[in-house]
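What follows is a single structure, written as C-alpha coordinates, with notes after it.
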Amino acid sequence: MLSTIDDATLMKVASSLGEEEAVKLIEYLKNLEEITDDEIANKTGIRLNSVRKILYKLYDHSLVSLRRTRDPKTGWFIFHWRLQPDQLEGFILSQKRRVLEKLNVRLEYESKHDFYYCNSPGCRRVTFEEAVEAVFHCSVCGRPLDHSENGIMIEKLAEKVEQLRKELGE
Ligand SMILES: [Zn+2]
(Lines give C-alpha, C1' and ligand atoms only; values in the text may rest on other atoms or scores of the structure.)
Protein backbone atom coordinates (compact mmCIF):
# COMPACT_ATOMS: atom_id res chain seq x y z
CA MET A 1 0.00 0.00 0.00
CA LEU A 2 2.85 2.38 0.78
CA SER A 3 5.29 1.30 -1.86
CA THR A 4 5.73 4.87 -3.12
CA ILE A 5 6.89 6.15 0.24
CA ASP A 6 10.35 5.08 1.26
CA ASP A 7 11.37 4.53 4.85
CA ALA A 8 13.64 7.57 4.96
CA THR A 9 10.68 9.80 4.11
CA LEU A 10 8.55 8.21 6.78
CA MET A 11 11.24 8.65 9.37
CA LYS A 12 11.66 12.31 8.43
CA VAL A 13 7.99 12.84 9.05
CA ALA A 14 8.03 10.94 12.31
CA SER A 15 11.03 12.77 13.69
CA SER A 16 9.65 16.14 12.62
CA LEU A 17 6.73 15.38 14.89
CA GLY A 18 9.29 15.33 17.64
CA GLU A 19 8.41 12.02 19.21
CA GLU A 20 10.35 8.81 19.25
CA GLU A 21 7.18 6.81 19.60
CA ALA A 22 5.81 8.46 16.45
CA VAL A 23 8.49 6.61 14.49
CA LYS A 24 7.37 3.28 15.92
CA LEU A 25 3.72 4.08 15.33
CA ILE A 26 4.16 5.13 11.70
CA GLU A 27 6.33 2.08 11.03
CA TYR A 28 3.48 -0.05 12.29
CA LEU A 29 0.69 1.83 10.48
CA LYS A 30 2.38 1.77 7.11
CA ASN A 31 1.84 -1.97 6.74
CA LEU A 32 -1.84 -1.84 7.54
CA GLU A 33 -5.05 -0.76 5.91
CA GLU A 34 -7.00 0.42 8.92
CA ILE A 35 -6.68 -0.08 12.66
CA THR A 36 -8.15 1.14 15.94
CA ASP A 37 -6.12 3.00 18.56
CA ASP A 38 -6.69 0.17 21.04
CA GLU A 39 -5.19 -2.32 18.64
CA ILE A 40 -2.18 -0.07 17.98
CA ALA A 41 -1.52 0.21 21.70
CA ASN A 42 -1.81 -3.55 22.17
CA LYS A 43 0.42 -4.43 19.24
CA THR A 44 3.14 -1.80 19.64
CA GLY A 45 3.29 -1.57 23.41
CA ILE A 46 2.94 2.23 23.23
CA ARG A 47 0.63 3.54 25.93
CA LEU A 48 -2.89 4.25 24.68
CA ASN A 49 -2.69 7.92 25.72
CA SER A 50 0.51 8.36 23.72
CA VAL A 51 -0.96 6.51 20.75
CA ARG A 52 -3.91 8.90 20.70
CA LYS A 53 -1.73 11.96 21.16
CA ILE A 54 0.47 10.99 18.19
CA LEU A 55 -2.54 10.06 16.05
CA TYR A 56 -4.21 13.40 16.66
CA LYS A 57 -0.99 15.16 15.77
CA LEU A 58 -0.81 13.18 12.52
CA TYR A 59 -4.48 13.93 11.96
CA ASP A 60 -3.83 17.67 12.34
CA HIS A 61 -1.48 17.41 9.39
CA SER A 62 -3.91 15.17 7.42
CA LEU A 63 -1.37 12.35 7.58
CA VAL A 64 -3.96 9.91 8.88
CA SER A 65 -7.65 9.64 8.21
CA LEU A 66 -10.21 8.83 10.86
CA ARG A 67 -13.42 6.83 10.65
CA ARG A 68 -15.75 6.62 13.61
CA THR A 69 -18.12 3.77 14.39
CA ARG A 70 -20.15 2.91 17.45
CA ASP A 71 -19.64 -0.25 19.45
CA PRO A 72 -23.03 -1.99 19.30
CA LYS A 73 -22.56 -3.46 22.80
CA THR A 74 -21.18 -0.54 24.79
CA GLY A 75 -22.45 2.31 22.61
CA TRP A 76 -18.94 3.85 22.76
CA PHE A 77 -17.21 5.30 19.75
CA ILE A 78 -14.50 3.29 18.06
CA PHE A 79 -11.88 5.20 16.08
CA HIS A 80 -10.41 3.60 12.98
CA TRP A 81 -7.20 5.13 11.67
CA ARG A 82 -5.53 4.91 8.33
CA LEU A 83 -2.24 6.36 7.13
CA GLN A 84 -2.56 8.83 4.22
CA PRO A 85 0.66 8.29 2.28
CA ASP A 86 -0.27 10.74 -0.48
CA GLN A 87 -0.22 13.55 2.09
CA LEU A 88 3.31 12.82 3.28
CA GLU A 89 5.17 14.53 0.44
CA GLY A 90 3.11 17.69 0.84
CA PHE A 91 3.74 17.66 4.56
CA ILE A 92 7.49 17.37 4.07
CA LEU A 93 7.47 20.19 1.53
CA SER A 94 5.62 22.51 3.88
CA GLN A 95 8.02 21.61 6.70
CA LYS A 96 10.95 22.44 4.44
CA ARG A 97 9.36 25.74 3.44
CA ARG A 98 8.96 26.65 7.09
CA VAL A 99 12.62 25.84 7.78
CA LEU A 100 13.68 27.83 4.74
CA GLU A 101 11.72 30.86 5.93
CA LYS A 102 13.39 30.70 9.35
CA LEU A 103 16.84 30.29 7.81
CA ASN A 104 16.27 33.29 5.56
CA VAL A 105 15.27 35.47 8.50
CA ARG A 106 18.36 34.30 10.40
CA LEU A 107 20.63 34.83 7.41
CA GLU A 108 19.36 38.36 6.95
CA TYR A 109 19.84 39.10 10.64
CA GLU A 110 23.39 37.74 10.62
CA SER A 111 24.27 39.62 7.43
CA LYS A 112 22.90 42.95 8.55
CA HIS A 113 24.49 43.06 12.00
CA ASP A 114 27.91 43.22 13.51
CA PHE A 115 28.19 41.12 16.64
CA TYR A 116 30.16 41.42 19.87
CA TYR A 117 30.82 38.74 22.44
CA CYS A 118 32.45 38.42 25.87
CA ASN A 119 33.56 34.81 25.16
CA SER A 120 31.99 33.55 28.37
CA PRO A 121 30.05 30.31 28.03
CA GLY A 122 26.37 30.95 28.75
CA CYS A 123 26.47 34.59 27.69
CA ARG A 124 25.05 35.63 24.34
CA ARG A 125 26.37 37.73 21.50
CA VAL A 126 25.08 41.29 21.23
CA THR A 127 24.70 43.56 18.23
CA PHE A 128 26.94 46.58 17.69
CA GLU A 129 24.15 48.87 18.87
CA GLU A 130 23.75 46.89 22.09
CA ALA A 131 27.51 46.79 22.59
CA VAL A 132 27.74 50.59 22.31
CA GLU A 133 24.96 50.98 24.82
CA ALA A 134 26.82 48.70 27.26
CA VAL A 135 30.11 50.55 26.61
CA PHE A 136 31.56 47.30 25.20
CA HIS A 137 31.20 45.31 28.39
CA CYS A 138 28.97 42.29 28.83
CA SER A 139 25.88 43.23 30.82
CA VAL A 140 25.79 39.72 32.31
CA CYS A 141 29.37 38.88 33.32
CA GLY A 142 31.03 42.29 32.96
CA ARG A 143 33.87 41.10 30.73
CA PRO A 144 34.93 43.21 27.76
CA LEU A 145 33.16 42.57 24.47
CA ASP A 146 35.21 41.52 21.44
CA HIS A 147 34.10 41.66 17.86
CA SER A 148 32.58 38.31 16.95
CA GLU A 149 33.20 37.03 13.46
CA ASN A 150 30.10 35.45 11.88
CA GLY A 151 31.34 34.96 8.31
CA ILE A 152 31.47 31.19 8.62
CA MET A 153 27.99 31.06 10.09
CA ILE A 154 26.67 33.22 7.24
CA GLU A 155 28.36 30.94 4.74
CA LYS A 156 26.81 27.84 6.31
CA LEU A 157 23.38 29.44 6.49
CA ALA A 158 23.61 30.49 2.85
CA GLU A 159 24.62 26.94 1.87
CA LYS A 160 21.65 25.45 3.72
CA VAL A 161 19.28 28.00 2.18
CA GLU A 162 20.61 27.16 -1.28
CA GLN A 163 20.23 23.44 -0.68
CA LEU A 164 16.64 23.79 0.53
CA ARG A 165 15.75 26.05 -2.39
CA LYS A 166 17.03 23.40 -4.77
CA GLU A 167 15.07 20.66 -3.00
CA LEU A 168 11.96 22.80 -3.20
CA GLY A 169 12.59 23.63 -6.83
CA GLU A 170 12.68 27.37 -6.20
ZN1 LIG B 1 29.32 37.78 29.38
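The values are calculated or read from the model by the stated rules, or taken from the named source; none is laboratory data. Note that the structure is predicted; figures quoted are calculated from it, not measured. Don't worry about glycine lacking a Cβ; one is built from the backbone with ideal geometry, like all the others, and counts go over all protein chains shown. All accessible areas refer to the heavy atoms of the entire protein, side chains included, with ligands and DNA or RNA removed. Shrake-Rupley method; radii C 1.70, N 1.55, O 1.52, S 1.80 Å.
Would you mind counting up the charge near Cys141? Only other residues with Cβ under 14 Å from its Cβ, with Lys and Arg at +1 and Asp and Glu at -1. Surrounding charge for Cys141 is +2.
Helix 20-29 axis versus longest C-alpha principal axis of the chain: approximately 30°, rounded to the nearest ten. Considering only Cα atoms, the convex hull volume of segment 90-158 works out to 101 Å³ per residue. In the chain, helical runs assigned H by DSSP with n ≥ 4 each contribute -39500 (n - 2.57); averaged across all residues and rounded to the nearest 500, the mean residue ellipticity at 222 nm is -17000 deg cm²/dmol.
Comparing Val23, Val135, Val99 in a Gaussian network model of the chain where C-alpha atoms under 10 Å apart are linked, the largest mean-square fluctuation is found at Val135. Normalised Debye scattering of segment 39-102 at q = 0.27 Å⁻¹ gives log10 I(q)/I(0) of -1.15, counting only Cα atoms as equal scatterers and leaving out solvent.
Here's the picture: charge each Lys and Arg Cβ at +1 and each Asp and Glu Cβ at -1 in segment 49-139, and of Ser120, Val132, Phe77 the one pushed furthest to the positive end of that dipole is Phe77. Remark: the chain carries 65 Å² of accessible area per residue (probe radius 1.4 Å; ligands, DNA and RNA excluded). With the convex hull drawn around the C-alpha atoms of the chain, the volume per residue stands at 168 Å³.
The GNM of the chain, with springs linking C-alpha atoms under 10 angstrom apart, assigns the highest mean-square fluctuation among Arg70, Arg125, Arg47 to Arg70.
For the chain, modelled as a GNM whose springs connect Cα atoms under 10 angstrom apart, the maximal fluctuation among Thr44, Thr127, Thr36 occurs at Thr127.
When +1 charges are put on Lys and Arg Cβ atoms and -1 charges on Asp and Glu Cβ atoms, the dipole computed for the chain relative to its Cα centre reaches about 660 debye. Overall, segment 34-87 carries a charge dipole of about 160 debye about its Cα centre when +1 sits on the Cβ of Lys and Arg and -1 on the Cβ of Asp and Glu, all other atoms neutral.
Dividing the convex hull volume of the Cα atoms of segment 118-167 by its residue count, what figure in Å³ per residue is obtained? Given the Cα convex hull of segment 118-167, per-residue volume reads 88 Å³. Measure off, as a whole percent, the carbon and sulfur share of the 1.4 Å-probe accessible area of the chain, all protein chains present. Ligands and nucleic acids excluded, carbon and sulfur give 51 percent.
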